[in-house]
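First the structure, in the form of structure tokens, and then the observations on it.
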Amino acid sequence: MKIPDCYRSCQPTDVVFVIDSSESVGKMNFSLAKNFVINIANRIGKMGKNASDLTGSRFGVVQYSHQGAVQAIRMDDHNIVSKATFISKVKSMEWLAGGTWTPSALKYTYDKLIRPNGRAVSKVVAIVITDGRYDPKDIDKLESLCTGVEVYAIGIGDIFNNSAERRTLEKIACNVNHRVKNLSFYAELAAEEFLDNMEAVICPEPEITCPDQICKQAVRLGALIGRPVDIVFFVDGSERTGKENFVQVLRFIKHIAEELMLAANEEDLSGARIAVIQYGDETQQNVLVDFSYNLTHIQTLLSKAVYYDSSSHIGTAILYAMKNIVKSQPGTRMGARSTAEVSFVFVTDGMNSNKNFAQALSSLRANSIVTSAIAVGSAINLEKLTQLALKDNTSLFRLTTFDQLFATPFLRNIVQWLG
């Protein structure tokens, strides 16, 4: 008999991330910083709803660049009703570029996010990520967060080998040296050991809960409860894809399902569920898998699919999926979970019919669907793909050949992005 996993939950904590979004950081590194925020949020368990909720963790984000260029996700944002909606907002943040006004960003963080939103029972942790020296015209203090806040300064790049620049990080971290972290590259933010260390900083004494049994040292500890996400894969069955590549895409989805942390059962409000729809011309939409947590069921994809070898009507397929997969139908099917982020993943070259396309894009936005587009090959319609990614270029992945879908770095990147 399988021993049930034990889960960890953290003491009530407010966590604010302050992210350098200056020109020197670059769009790719900024995306890595956003993924770090998402990874940490996923590891810290239950989310507190508001300042009067004395349980769970709350999250805020400030990204900054030149003078006055500050964007924030506030802890008191009434539109953030779950961890999934917080993560969706993080993914939608766009790189600012420009100068580096770190001290004023720290003051903004304290004055606008932390001081007005304190909870009596929580500790407050600030994690500051920067790649270099700040503009000397910024006259605010680096120690702006040092009142009742545990501040961790993460400096990325060789510049912090310089003693003067190291001193900048120490001031940000309120002169507590062990709260200064040096990384060589932004990619190290995704390293498992580094994430484990930062999790231990935020959640040093987690409460261990095991279903229907007393927790013992020997019991395997599962990861913190996976964030709830309902993923719909759209498989292009048009003649441009080709039968062999069509099969490759189905195999790719099977691989992703095997790597993701899936929900445990129908009632589980955590973890991932997967649905798959193949589409062709205006009348060809086939739901190969409805939202499922059952890996064995998902692995039957290859036996269910029939290659259409037709045209490509992705707009019609999106509207069909909204009605027949995402929306619940009382007495017949559940649809997407109310607590879950709904994510549409398109594997296509973007060469699609315009019919219903604009209406489909409006439906995606109106229903807060998070989208990603995976384009394979050199002959692609970049404009259509960018629209499918809702103009978030960090959600657009380009590959040269279908074999690259199975490259370990790409698989790891997609699993991290979706999960």
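The values are calculated or read from the model by the stated rules, or taken from the named source; none is laboratory data. Since this is a predicted model, take the numbers as computed values, not measurements. Here the Cβ positions follow ideal geometry from the backbone for every residue, glycine too, while neighbour counts run over all protein chains shown. Note: accessible area is taken over every heavy atom of the protein model, side chains too, but ligands, DNA and RNA are not part of it. Shrake-Rupley method; radii C 1.70, N 1.55, O 1.52, S 1.80 Å.
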- [ ] Name the residue, out of 268, 290, 281, that is among the charged types (D, E, K, R), on the phi < 0 side of the Ramachandran plot and modelled with pLDDT of 90 or more.
- [x] 290
Task: Positions within region 344-359 being surrounded by fewer than 23 Cβ atoms within 10 Å (Cβ to Cβ) and not in a loop (DSSP other than H, G, I, E, B), in sequence order - done: 357, 358, 359
Open item on the list: I need the full set of residues from region 344-370 which are of a type in the set (Ser, Thr, Tyr), touching a helix residue (DSSP H, G or I) at 6+ places or on another chain (Cβ under 9 Å) and at pLDDT 90 or above, in order please.
Closed with: 363
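Residue by residue, here is whether (1) more than 12 Å from residue 234 (Cβ to Cβ); (2) loosely packed, with under 13 Cβ neighbours inside 10 Å; (3) out of contact with any His (no Cβ under 8 Å at 6 or more places or on another chain) holds:
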residue: 293; (1), (2), (3): yes, no, yes
residue: 297; (1), (2), (3): yes, no, yes
residue: 303; (1), (2), (3): yes, yes, yes
residue: 318; (1), (2), (3): no, no, yes
residue: 325; (1), (2), (3): no, no, yes
Open item on the list: When you scan region 367-374, do you find a residue that is part of a loop (DSSP other than H, G, I, E, B), open to solvent by 30 Å² or more (accessible area, probe 1.4 Å) and of a type in the set (A, V, I, L, M), even just one?
Closed with: no
- [ ] Output the number of the condition that residue 306 fails; it satisfies all remaining conditions of (1) under 20 Å from residue 254 (Cα atoms); (2) at pLDDT 85 or above; (3) in a loop (DSSP other than H, G, I, E, B); (4) of a type outside the set (Lys, Arg).
- [x] (2)
Task: Selected residue (criterion: farthest from residue 202 (Cα to Cα)) from residues of region 167-182 that are open to solvent by 50 Å² or more (accessible area, probe 1.4 Å) and either out of contact with any strand residue (DSSP E or B) (no Cβ under 6 Å at 6 or more places or on another chain) or among the β-branched types (Val, Ile, Thr) (or both) - done: 167
TODO: Determine which member of the set 407, 379 is open to solvent by 20 Å² or more (accessible area, probe 1.4 Å) and either touching a residue at least 24 places away in the same chain (Cβ under 8 Å) or closer than 16 Å to residue 233 by Cα (or both).
DONE: 379
Task: Hits in region 63-118 (condition: under 23 Å from residue 10 (Cα atoms) and of a type in the set (A, V, I, L, M, F, W, C)) - done: 73, 75, 80, 81, 84, 86, 87, 90, 113, 114
- [ ] Could you grab me the full set of residues in region 108-134 that are without any contact (Cβ under 8 Å) to a residue 40 or more places away in the chain and open to solvent by 60 Å² or more (accessible area, probe 1.4 Å)?
- [x] 115, 133, 134
TODO: Could you list all residues from region 74-107 that are over 21 Å from residue 172 (Cα atoms), hydrophobic (A, V, I, L, M, F, W, C) and surrounded by 17 or more Cβ atoms within 10 Å (Cβ to Cβ)?
DONE: 75, 80, 84, 86, 87, 90, 93, 95, 96
